[in-house]
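Below you'll find the structure, written out as structure tokens, and then a few comments.
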Amino acid sequence: MPARSLFRAAAKLAAAATVLGGGAAGATIITSKDPQATLKLYSAIPVRLFRDSVTVASIVFDYEYALWGLPEGSSEKSKLKHEVHLRSAHKLQELCFKNGGIYIKIGQHIGQLEYLVPEEYVKTMRESMLNRCPVSSYDQVCEVIKKELGGTPDEIFDEFDPAPVASASLAQVHVARLHNGQKVAVKVQHTHMTDTAAADYATVEFIVNTLYRFFPKFDYRWLVDEVHENLPKELDFLVEAKNSEKCLDNFKKLSPWIADSVYAPMVYWNLSTSKLLIMEFIDGAQVSDLKHIKELGLQPYEVSRLVSQAFSEMIFKHGFVHCDPHAANLLVRPLPSRKRKPQLVLLDHGLYKELDFDTRINYAALWKALVLSDAKSIKENSVKLGAGEDLYALFAGILTMRPWNRVIDPAVDHLVIQGTDSDRSELQMYASQYFPQISELLRRLPRVILLMLKTNDCLRAVNNALLQGSSMESFLIIGKVSSEAVIEAKLLQKRSVLGWISVWLEEMLLEARFLGMQLALWLLRMRKALTC
């Protein structure tokens, strides 16, 4: 039985933990340049391994025996499966909170995987992982500030609020005031991250590889690769500061017409280090807080348009993408020059990804084809991005959260998800039915595209919160910007006047087509309004 196999694996994990905590670890600690840090690392690994293995074994055991002997498709099995999903999601949630750090990041990622995991997991993680992150004590905060800047908060700042206004998986934010009266946000890295980051990575890698060995269909090794590549960057706040400035610079140079509508807090470089980031304090509404947005005199519809436009420009034109745009990292405030228009404030610039020219243009061409229901181009560009001849339709479905017959439907609103129970049930059915194929697709795709999927999932959740469902207007924006990127790339490649003319004609045809789609969408809304 798989459950029994996993319990045997758990025993092996515990044995491995004992070895790690024994003589070999002792020798490493003694010879280490930083024995105290090494001791913390080696004492953390066995605890985490044991905790992880017990949780995973408990979940698998629950699935194996709670559903044993029940006929597939029966109402009793469906009811019990829902209960097991919920219990298991809470076990996983508890594990993430106990271990903290990387585990919180993984829990947040699971909360976006609507196309891969059951709804119970998505809801449980999404509702908790952004709002119940660990908090460092004020003494720990003081320790970081003194180590990084050489003084206590009272010495460095004129005012410093000991209670954090926000806490995330890697850091927390305090409000302070400089001696010149400027109000600032102080981002302080959790002290335990230094001690446990390596242990977290080691245990996650061990668990994922063990799961893959016993259950080859559960291949999440790509997730370990992502953590290994991105975590060091996210733990260096100077990298984050540079990312924020480069992001704004890209908007000024490459998308000047929207540059004033996108903002990032100014960084105080003289007070910032790899573990401490001092930024301008920004007061605004969280992008999912509809009540606050309306109190500011802004319309959720306009905010949704701005979010879609800003990230489309980043993905398809800049090739430098903020890859963690969940609601807590996006603020909205009135545009200083036009109070009735929104300005998007981007926070937490630790996780960015650069798309090389070919990947960026192929991804843009794919989204252009998805919006225009061009089956041939969808297949061609999906294959170029690594999905293969056999899984391109599944790739299109994951990107749009629509089945293939809807993806290629010529109707103007073919990609719109209404957010109804039937829509959610359909998505979960596909996730369950094609789980092995989805896992294989995620294994094949380049890691940069995996992060684009995560970004896509985050933006979908933001737009759903703003509009209570997806909007064809958002897809039209994506289609227009991706088409512009493809046209710009073709113009760069043409060397003759005839070539430029052919691209110009293609551009005119695309503009006419999108104008027709916009008109059809307006007529569709009018018809719905009249029939209500």
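The values are calculated or read from the model by the stated rules, or taken from the named source; none is laboratory data. Owing to the predicted nature of the structure, the values given are computational and were not obtained by experimental measurement. Ideal geometry is used to build each Cβ from the backbone, glycine not excepted, and the neighbour counts take in all protein chains shown. Quick note on the areas: whole protein, heavy atoms, side chains included, nothing else; ligands and nucleic acids left out. Shrake-Rupley method; radii C 1.70, N 1.55, O 1.52, S 1.80 Å.
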Checklist entry - What residue among 269, 477, 176 has its Cα farthest toward the positive end of the dipole of the chain, where the charges are +1 on Lys, Arg and -1 on Asp, Glu, each on the Cβ? => result 477
Next on the checklist: Cβ neighbours within 10 Å, averaged per peptide: list 285-292, 301-308, 341-348 in order, most packed at the top.
Outcome noted: 341-348, 301-308, 285-292
Checklist outcome for this item: Rounded to the nearest 10 Å², the accessible area of residue 142 using a 1.4 Å probe with every protein chain kept is 30 Å²
Checklist entry - Can you give the accessible area of residue 220 in Å² (nearest 10), computed on protein heavy atoms with a 1.4 Å probe? => result 50 Å²
Checklist entry - Which peptide among 201-212, 59-70 comes first, and what is the full order, when sorted by highest mean count of other Cβ atoms within 10 Å? => result 201-212, 59-70
Next on the checklist: Tell me which trypsin sites (Lys or Arg not before Pro) from segment 98-192 have a DSSP coil assignment and no more than 16 other beta carbons within 10 Å of their own.
Outcome noted: 132
Checklist outcome for this item: GluC sites (Glu not before Pro) in segment 329-397 lying in a DSSP loop, each with at most 11 other Cβ atoms within 10 Å of its Cβ, come to 389
Checklist entry - What share of all Cα pairs of segment 273-354, in percent, falls into each consecutive 5 Å distance bin? => result 3, 14, 24, 22, 18, 13, 5, 1
Item to check | Gain on full stretching of the segment that runs from residue 494 to residue 405 - 0.36 nm per residue minus C-alpha separation | outcome: 28.5 nm
Checklist entry - Just how large is the dipole of the chain about the Cα centre, in debye to the nearest 20, putting +1 at every Lys and Arg Cβ and -1 at every Asp and Glu Cβ? => result 660 debye
Item to check | Charged-residue dipole, Cβ positions (Lys, Arg, Asp, Glu), segment 359-421 about Cα centre, Debye nearest 20 | outcome: 240 debye
Item to check | By average C-beta atoms within 10 angstrom, highest first, the peptides 79-88, 394-403, 251-260 | outcome: 394-403, 79-88, 251-260
Checklist outcome for this item: Two pseudo-spin positions, 7 Å from Cα along C-beta at residue 64 and at residue 509, lie apart in nanometres by 5.9 nm
Next on the checklist: What does the charge count around residue 330 come to, taking other residues whose C-beta lies under 12 Å from its C-beta (Lys +1, Arg +1, Asp -1, Glu -1)?
Outcome noted: -2
Item to check | Mean residue ellipticity (222 nm) of the chain, computed from DSSP H runs ≥ 4 via -39,500 (n - 2.57), nearest 500 | outcome: -21000 deg cm²/dmol
Checklist entry - Working out 0.36 nm times the residue gap between residue 78 and residue 301, then minus their Cα-Cα distance, what length gain in nm do you get to one decimal? => result 76.5 nm
Next on the checklist: Relative contact order of segment 187-283, please, whole-number percent, based on alpha carbon pairs below 8 angstrom and at least 6 residues apart.
Outcome noted: 28 percent
Checklist entry - Relative contact order for the chain: what is it in percent, counting Cα pairs under 8 Å that are at least 6 residues apart? => result 12 percent
Checklist entry - P(r) tail for the chain, what percent of Cα pairs lie past 34 Å? => result 43 percent
Checklist outcome for this item: For the pair residue 468 and residue 523, the simple spin-label estimate (label points 7 Å beyond Cα toward Cβ) gives in nm 2.8 nm
Checklist entry - For residue 135 and residue 258, what is the calculated FRET efficiency with R₀ set at 41 Å and r taken between the beta-carbons, to the nearest 0.05? => result 0.70
